[in-house]
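The values are calculated or read from the model by the stated rules, or taken from the named source; none is laboratory data. All values derive from a computational prediction rather than experimental measurement. Glycine gets a Cβ as well: all are built from the backbone with ideal geometry, and neighbour counts include every protein chain shown.
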Amino acid sequence: MGMDSSGARTAPAASAPAGVPLLDVARHHGPILPDLEAALIRVLRSGRYVFGPECEELERRLAEYCGAPHAVACASGSDALLLALMALDVGPGDEVIVPSYTFFATASAVWRLGAKPVFVDIEPEHYTLDPVKTLALVGPKTKAVIPVHLYGQCADMQALAPLAARGVTVIEDAAQSIGAEFQGRRCGALGPMGCFSFYPTKNLGGLGDGGLLTAATSELAERLRLLRGHGMHPRYYHREVGINSRLDTLQAAALCVKLDHLEHWTAQRAQNAQHYTELFTEFGLDRVLGLPRQAAGRRHVWNQYIVRVPEGKRDTLRQYLADAKIGTEIYYPVPLHRQDCFRSLGYKTGDLPESERAAAETLALPIFPGLTQAEQHAVVTRIADFYGLAQRFGSSVPRPKFLDRTTSPAAHGKLA
């Protein structure tokens, strides 16, 4: 860091990156590519492409990782949600409470079984379902509630504890939050069942689709295994009608390799989040943007770094970033209660104001493991330029103070 003739601080000589991707899977896989290739070749040579030993290994290891008694692999996170509801015999006449601000699969699984999704609003600070409003919606037809641990942070599971006494089952949608914790316990072990996705953008992403369920009892695990394989046991004898939702052995093999690195990658994501927060604060952007926060008693695994862009400027800012080849995404532009396919449920604009406000204001920034500090600096300085805050430091954008420290601050627990 230097000064120009006017005394203004100047940026380091290193050139800024030409662009910043939202996600760079090839960069992410680079260091482990030999291990991935070796694992896939072993499966190819074995000839066991469905329910091979790698599938059982993945189930065992992920049950242990989550602290759950059982794990059952399946073909996708969407199927995991569907299977969880099927295991509870959810069907016509039942209601399932789900947040409106989440990915479509959470509600579509309910709809596919002929049950009614009942949409609930979110807590505005952490984007997870509002537990007070959830409890108020429980009625005689309520069969289950699906809290979504959105963006890598657990919902308030303690506040949902009274549901058990009312005969309502809690199904964790942990698709974005593997490794996240609530009061020292990992998601997937906070209720009877947890649903995970291995879509490539997830913290533990496969080489295509994949999913898994955790189960608290052997009875639930046995039912889930039966349902994922056409309800068949033994072979060609069907006790009930299930679905075809098997995790391919190739996917399981790749995931077993990547699981060895998950905690390291999670630590990198947390460090990236901390760096972003320090950068935004140094530029004064914390006064114009809503920055994400880690709630007390929770471990955030930062599947996404979400900022709020108020005053209707979100889409304009996104285009300004795109012009500089900086990748972003909007999760999610239309809340589920306003989707055309659910129009028959009768929801109107204004019914769930926090979900609607989040859909209009939130923007995801790059946070993947391997993202460089120079890339983060480029993201934040471009946003600072959008708001006219870069000029406060002179003609050049400054190097952030924390990059000059010998050690970076610990990421975990600093954003509460």
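When segment 352-368 is examined, which residues are found to be out of contact with any Pro (no Cβ under 6 Å at 6 or more places or on another chain) and closer than 17 Å to Pro131 by Cα? Listed by number, the residues that qualify are Leu352, Pro353. From the list Arg293, Arg239, Arg287, Arg225, the lone residue that is of a type in the set (D, E, K, R), at pLDDT below 95 and farther than 19 Å from Arg186 by Cβ is Arg239. Do we find that Asn272 is modelled with pLDDT of 95 or more, closer than 30 Å to Glu354 by Cα and outside the structural domain of Ala364 (by TED's automatic domain parsing) in this structure? It is false that Asn272 is modelled with pLDDT of 95 or more, closer than 30 Å to Glu354 by Cα and outside the structural domain of Ala364 (by TED's automatic domain parsing). Taking the conditions exactly as written (out of contact with any helix residue (DSSP H, G or I) (no Cβ under 7 Å at 6 or more places or on another chain) and part of a loop (DSSP other than H, G, I, E, B)), does Ala68 satisfy them or not? It is true that Ala68 is out of contact with any helix residue (DSSP H, G or I) (no Cβ under 7 Å at 6 or more places or on another chain) and part of a loop (DSSP other than H, G, I, E, B).
Filtered by the rule that a residue be aliphatic (A, V, I, L, M), at pLDDT 95 or above and in a loop (DSSP other than H, G, I, E, B), segment 363-402 gives Ile367, Leu371. Restricting segment 98-132 to residues that are assigned to a strand (DSSP E or B) and free of Cβ contacts under 8 Å to residues at least 60 places away in the same chain, the residue that is surrounded by the fewest Cβ atoms within 10 Å (Cβ to Cβ) is Val118. Does segment 367-382 contain at least one residue that is farther than 24 Å from Asn203 by Cβ and without any contact (Cβ under 8 Å) to a residue 60 or more places away in the chain? No, the conditions are met nowhere in segment 367-382. Given the residues Leu224, Leu213, which is the only one that is crowded, with 24+ Cβ neighbours inside 10 Å, outside the structural domain of Arg269 (by TED's automatic domain parsing) and assigned to a helix (DSSP H, G or I)? Criteria check complete, one pass: Leu224.
Residues checked against (1) in contact with a Ser or Thr (Cβ under 9 Å, 6 or more places away or on another chain); (2) of a type in the set (Lys, Arg):
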residue	(1), (2)
Asp248	no, no
Lys258	no, yes
Leu262	no, no
Gln268	no, no
Gln271	yes, no
Thr277	no, no
Leu285	no, no
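Screening Gln153 with (1) surrounded by fewer than 24 Cβ atoms within 10 Å (Cβ to Cβ); (2) in contact with a Lys or Arg (Cβ under 8 Å, 6 or more places away or on another chain) gives one miss only, at (1). All of Arg357, Arg293, Arg318 fail the test of being assigned to a loop (DSSP other than H, G, I, E, B), within 23 Å of the chain's Cα centre (by Cα) and of a type in the set (D, E, K, R), apart from Arg293. Collect the residues in segment 253-289 that are among the aromatic types (Phe, Trp, Tyr) and not in a helix (DSSP H, G or I), keeping them in residue-number order. Within segment 253-289, just Phe283 meets the criteria. Within segment 24-53, the set of residues being in a loop (DSSP other than H, G, I, E, B) and buried (at least 17 other Cβ atoms within 10 Å of the Cβ) comprises Asp24, Gly52.
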